[in-house]
1. For segment 177-196, enumerate the residues that are closer than 21 Å to Gly216 by Cα and open to solvent by 40 Å² or more (accessible area, probe 1.4 Å).
2. Are any residues in segment 302-318 small (Gly, Ala, Ser) and either in a helix (DSSP H, G or I) or closer than 19 Å to Ser16 by Cβ (or both), and if so, which ones?
3. Since Val47 meets every condition but one in (1) in contact with a Pro (Cβ under 8 Å, 6 or more places away or on another chain); (2) not in a helix (DSSP H, G or I), which condition does it not meet?
4. Check Ile271, Ile266, Ile248 and return the single one that is within 20 Å of the chain's Cα centre (by Cα), touching a residue at least 12 places away in the same chain (Cβ under 8 Å) and open to solvent by less than 40 Å² (accessible area, probe 1.4 Å).
5. Being surrounded by fewer than 16 Cβ atoms within 10 Å (Cβ to Cβ) and of a type in the set (Gly, Ala, Ser) is the filter; apply it to segment 274-301 and report the residue that is nearest to Ile248 (Cα to Cα).
6. So which of Ser86, Ser41, Ser16 is among the hydroxyl-bearing types (Ser, Thr, Tyr) and crowded, with 20+ Cβ neighbours inside 10 Å?
7. Quick one: is Ile316 more than 25 Å from Thr166 (Cα to Cα), open to solvent by 10 Å² or more (accessible area, probe 1.4 Å) and in contact with a His (Cβ under 9 Å, 6 or more places away or on another chain)?
8. Name the residue that is most open to solvent (accessible area, probe 1.4 Å), counting only residues in segment 224-245 that are of a type in the set (Gly, Ala, Ser) and more than 18 Å from Ala184 (Cα to Cα).
Amino acid sequence: MKAVYANGTNYDDPLSMLEVGDMPEPETKPFWSTIRVKSASVNHHDVWSLQGVGLADDQTPMILGTDAAGVLQEDIPVRKGLKAGSEVVLYTFIGTDGAGVMPGERRSILSERYAGTMAECTQVPSANVFAKPENLNFDEAAALGTSWLTAYSLLFTSANVKPGDTVLVQGAGGGVSTAAIQLAHAAGLEVFATSRSEDKRNRALEIGADAVFESGARLPRKVDAVIESVGASTWSHSVKSVRPGGTIAICGATTGDQPGAELTRIFFQDIRVQGNTMGSREDFARLLKFVEHADLHPVIDAAYAIDDARLAFSKIVNGDVFGKIMLHI
């Protein structure tokens, strides 16, 4: 089958390790289901894999991809309504609760230990297969697995914000940040967003931000929580922008993970820093209901054919995105 895969790792030139070609089809496994992939999203995680972060050379070739939407290939007897031919979306965190794996297996995301989603077919534990929200197309549904689940968990689990709270989303434009803006707006939160780009600030307003600011700008007042995925370049601003007793919920560090910690400000103002990687299967189920009920549609920046995977990955590497980059399989 045709797939996008890492043929090795290279920290300085990750795209040199990116290949599109034939890979073996997945073999049937007990308690796992096979999905014919229609759409997969490109994430920073895929670039990090090519750099060797979380993926060793001896694990390659490895099919990339952590998200997918597609068509279920066989019935799932214990899941009512999920029959062969059903349009589905995947929860791709493996090993969090033993579903489909041996007890005690450490958690991983598809493309770390098990083959990823950028292929004509992929597999996940049957418990990780969900009906695609009816209001979404395949591209929009495929955006939910990593970025949207992470944003949902950052907001409502890690930051534990409530309707009426104010949240700052750093770095408007990326998949997590655009998702956080849309989800927070739909949930009745006041949303501040930052970006170095005037165009991205204006687009953030269009998708639900109440006010936008240049990166590092002083806010009109402190916020209840900060959604932080940028890292070193915005960390100091995040610490200064959150109210005493507030929360900085962090899921990534695209500009580096070694900022000044500002520990004095953090402990003196009782600021809570909460890390977050994706979210639980239960969070994913709630996210799907929320998206369908509120008729939310993930922002898609661009979609590429599988043979143009290098162009899609280049957009992520260059940071020239607003929303999600998709691959049509």
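1. Hits for segment 177-196 are Glu190, Arg196.
2. Going through segment 302-318, the residues small (Gly, Ala, Ser) turn out to be 302-303, 305, 309, 312, 314.
Those that are small (Gly, Ala, Ser) and either in a helix (DSSP H, G or I) or closer than 19 Å to Ser16 by Cβ (or both): Ala309, Ala312, Ser314.
3. (2)
4. After ruling out the rest, the residue left standing is Ile248.
5. Gly275
6. Ser41
7. Taking the combined requirement at face value, the residue satisfies it.
8. Across segment 224-245, the extreme among qualifying residues is Ser233.
The values are calculated or read from the model by the stated rules, or taken from the named source; none is laboratory data. All of these numbers come straight from a predicted model, not from anything done at the bench. Neighbour counts run over all protein chains shown; Cβ positions are idealised from the backbone, glycine included. The area values use the complete protein model at the heavy-atom level, side chains included, leaving out ligands, DNA and RNA. Shrake-Rupley method; radii C 1.70, N 1.55, O 1.52, S 1.80 Å.
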